[in-house]
1. Taking every pair of distinct Cα atoms and averaging 1/r, then inverting, what Kirkwood hydrodynamic radius in Å comes out for the range 1-119?
2. 222 nm [θ] for the chain, helices only, -39500 (n - 2.57) per DSSP H run of 4+, per residue, to 500?
3. Once you list every other residue whose beta carbon is under 11 Å from the beta carbon of A295, what net charge do they have if Lys and Arg are +1 and Asp and Glu are -1?
4. With a 1.4 Å probe and every protein chain left in place, work out the accessible area per residue of the chain in Å², rounded to a whole number.
5. Determine, from the Cβ-Cβ distance of A283 and A212 and an R0 of 25 Å, the FRET efficiency 1/(1 + (r/R0)^6), rounded to the nearest 0.05.
6. At 0.36 nm per residue, and after removing the present C-alpha to C-alpha distance, how many nm does the segment from D244 to M20 gain when stretched out fully?
7. Just to be sure I understand the model, the point goes 7 Å from the Cα along the line to the Cβ. What's the resulting R134 to T27 distance in nm?
8. Quantify, in whole percent, the carbon and sulfur part of the accessible surface of the range 81-151 (1.4 Å probe; protein heavy atoms only).
Amino acid sequence: MPFPAERPRRTRQSAAWRRMVRETRLTPDALVYPLFVVPGRGVRHPVASMPGIFQLSADEAAKEAKRVAAAGVPAVLLFAAPDRKDAHASDARDPKGLAAQAIAAIKAANPELLLWADVCLCGATDHGHCGHVRDGGVIDNDSSVATLAEVALNYARAGADAVAPSDMMDGRVQAIRALLDREGLASTPIISYAAKYASAFYGPFREAAESAPAFGDRRSYQMDPANVREALREVLTDVAEGADLVMVKPAGPYLDVIREVRDAVRVPVVAYQVSGEFSLIKAAAERGWIDERAAVLETLTGIQRAGADLIITYYAPQVARWLAGT
Ligand code: PBG
């Protein structure tokens, strides 16, 4: 056999060849954009650690959602940071609470845009944990699950197109599904943050969502970054409980987890390129140390190649515009 039999460079020699043999194609169809809502009117408060990202009042969030939809992004993920914070996460359960009002306002202005509502307690509790705190600082699973189901019901009633529990309590998908079904919301999908790791990359988000825990950390409920078999256990449990989509979070440092999850389930797999992943690229780009557009498209292509069907990213509208050549 003449050497070398294989010359992979033959199909890399021009843009036309590269375009034709490309295995992964990023499209705006796969993108979801997070929105942070705060009380008030006309509020656009920049998040210092996330250049280009703002805390928005509901009216501004509705306008921002219009721009996001116009860019070609099909869905947004809503986080609320209410002023009222207490042990019961009252604002998140309240039909007149910040999240419920913002959901209604955004949907009224953007009926075609899908609105995913993040369901958690951390933005509405005075201690900033994702569940109820018992004596001794223990996060109580089962009482938290009951409250999370109420929050999910509140958001679904307000008009959310899907509810996305991000708390990592055991059994919450089943509890949410049962309550939604009982209340006539059987058509509302559940997007489960199934494999959510206790990550250093959430730092900037906690400023945006005002959700940093007042004591301790989240390692008794979020996953240990060293584990992948446990991620499959989490994902398979959530699918069995009725999750319609499952999520791996963060994305970039967990590409092997995304691949294993994609191979293990039949439901769509979502990956969340989290705040720290965003801010790292932004910071390097602002210093002129990295080509922002090339770096962003490379990270998202890598996440998709690893097996993600959908990607939540703070770059979503920007990427949609880049892909459209505008
Ligand atoms: C809250 C929540 C967090 C994120 C999404 N939902 C933070 C946390 O768990 O501490 C992180 C998102 C990001 O960093 O972009 N449960």
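1. Values: mean 1/r = 0.0584 Å⁻¹.
Taking every pair of different Cα atoms in the range 1-119, averaging 1/r and inverting gives 17.1 Å.
2. Numbers: 12 runs with 130 residues, N = 326.
Helices in the chain give a 222 nm mean residue ellipticity of -12000 deg cm²/dmol.
3. On the way: positive: K282, R293; negative: E277, D291, E292, E298.
In short, -2.
4. Numbers: 14880 Å² over 326 residues.
Accessible area per residue, the chain: 46 Å².
5. Values: r = 20 Å, r/R0 = 0.80.
Efficiency at R0 = 25 Å is approximately 0.80.
6. Working: separation 224, 0.36 × 224 = 80.64 nm, distance 3.31 nm.
Separation in residues times 0.36 nm, less the Cα-Cα distance, equals 77.3 nm.
7. 4.9 nm
8. Values: 1490 of 2840 Å².
Result for the range 81-151: 52 percent of the exposed heavy-atom area is carbon or sulfur.
The values are calculated or read from the model by the stated rules, or taken from the named source; none is laboratory data. Because the structure is a prediction, the values reported are computed rather than measured. Cβ atoms come from the backbone with ideal geometry, glycine included; neighbour counts cover every protein chain shown. Please note that ligands, DNA and RNA were not included when accessible areas were found on the heavy atoms of the full protein model with its side chains. Shrake-Rupley method; radii C 1.70, N 1.55, O 1.52, S 1.80 Å.
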